[in-house]
1. May I ask you to derive the FRET efficiency for Leu340 and Leu71 from their Cβ-Cβ distance with R0 = 56 Å, giving the value to the nearest 0.05?
2. Per DSSP H run of at least 4 residues, take -39500 (n - 2.57); add these up for the chain, divide by its residues and hand me the 222 nm value, nearest 500 deg cm²/dmol.
3. If you bin the C-alpha pair distances of region 2-175 every 5 Å from 0, what whole percents do you get?
4. If you plug each phi of region 84-99 into the Karplus form 6.51 cos²θ - 1.76 cosθ + 1.60 with θ = phi - 60°, what whole-Hz ³J(HN,Hα) values come out, in order, with x for Gly and Pro?
5. Report, by chain and number, residues whose modeled amide H sits under 5 Å from the one on His217, excluding near sequence neighbours (fewer than 5 apart, same chain).
6. Can you list which of the trypsin sites (Lys or Arg not before Pro) found in region 61-92 are DSSP loop residues with at most 14 other C-beta atoms within 10 Å?
7. If you scale each eigenvalue of the Cα gyration tensor by 5 and take the root, what three semi-axes come out for region 180-352, rounded to whole angstrom and sorted largest first?
8. Largest first and to the nearest Å, give the Cα extent of the chain along each principal axis.
Amino acid sequence: MFLLSSFFFFYFAGLGVYIVFLPKILQNLSYAPSQIGIIFSMVPLMRFFIPFLFLKFFKLDKRLFIISLILSWISVFSLFLTVKSYYLLLLNMAIFGMANTLVMPYVDAIALEKLKKDYGKSRLWGSIGFMSVGLILARYLTDYKIGLYFYLFIATFLTAIGLLISKNSTDFNLRHDNTEHLTFDMIKHWRFWASIFLLQVSFGFFYNFFTIYETAHGISILQVSYLWSVSIVCEVIMFAFQDKILRFDLLFLIRLSIFITVIRWFLLYLFPDQLLVSYLTQTLHAFSFALFHTATITYLFKLYTQKKLSMQFYHGISYGLGGFVGSILAGYFYGEYLFLIASFIAIASLIVLKPSQTNTR
């Protein structure tokens, strides 16, 4: 459990550098918002495409995991060489997205197999890692190279721990059964799939530009790191105590989460320089992400008999395709109306979702 918890800690610590600080680093290096949006669209684009290739042509075994792990480290190291060149950075981020997409499923499978009910306790260290890097790096980020060195330091520990995990685990593969395609029907529930796609498009505005947006309105990078930490704390609390909440109608909970997300984005638009309002909106992450995520995957598990395939499409369509489109749009619409547009997209997500006749209580 120690190795797996350590892996989660460093994996999400690296994600903290990627989400919280890398957009600001690129802005300080004179990248335009549209360029930042395109650069950060590469990882979710790979997240969308790779599972389809993996499903048909590859198997995720120990050998591919090690290759992906090392390739991720090389991509982080290559940031020193590519960060000032738009096209080289674009290529590097695509390679990073391709490799990184394959790392977590392997470790998650091992963790779920070995830890079972204790998986949540181990995964909790990921949230701690995310918060820690935000609170520490914000105090020392005086130059972009400090951020990159910090990222490389984390990636090095992550790679070493990942290699130890692979060494101590028996080889297996995560190849899916292609026969699941025969009866998997997305058209019947297209409104639901469209809704989760649109919500993640709105989140593309948040994940890639929240740090830039807040600092542009006079909030310090240190305060922004606190804001990110608050969202993670609230996310963890919701994950820990949502069992009883999930006994309610799942579609109602999903609608509630989307509605709260609409309010969240609209408040950021109305009060961009009000720190207390920003903290309030971050507490809503407990609903916007944690409750929505769990209610959605629970709903899908009840809706489809093809459990693994429904999860694959959920991640591919929402965090993959939705994140990709959201990154591109956010880059082009960045400015005063950024979160107003995000709120409209979230409203569209709410409108398109209609009750299903399937009983998913």
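What follows draws every value from the coordinates through simple rules; no lab data is involved. Keep in mind it's a predicted model, so treat the numbers as computed, not measured. As a convention, Cβ positions derive from the backbone with ideal geometry for all residues, glycine included, and neighbour counts pool all protein chains shown.
1. 0.90
2. Taken over the chain, the calculation gives -24500 deg cm²/dmol.
3. Here the calculated profile for region 2-175 is 1, 8, 17, 20, 20, 16, 9, 5, 2, 0.
4. The phi angles translate into 9, 10, 4, 6, 5, 5, 4, 5, 5, 5, 5, 5, 4, x, 4, 6 Hz.
5. none
6. Lys84
7. Whole-Å semi-axes of the equivalent ellipsoid: 29, 18, 13.
8. 52, 48, 36
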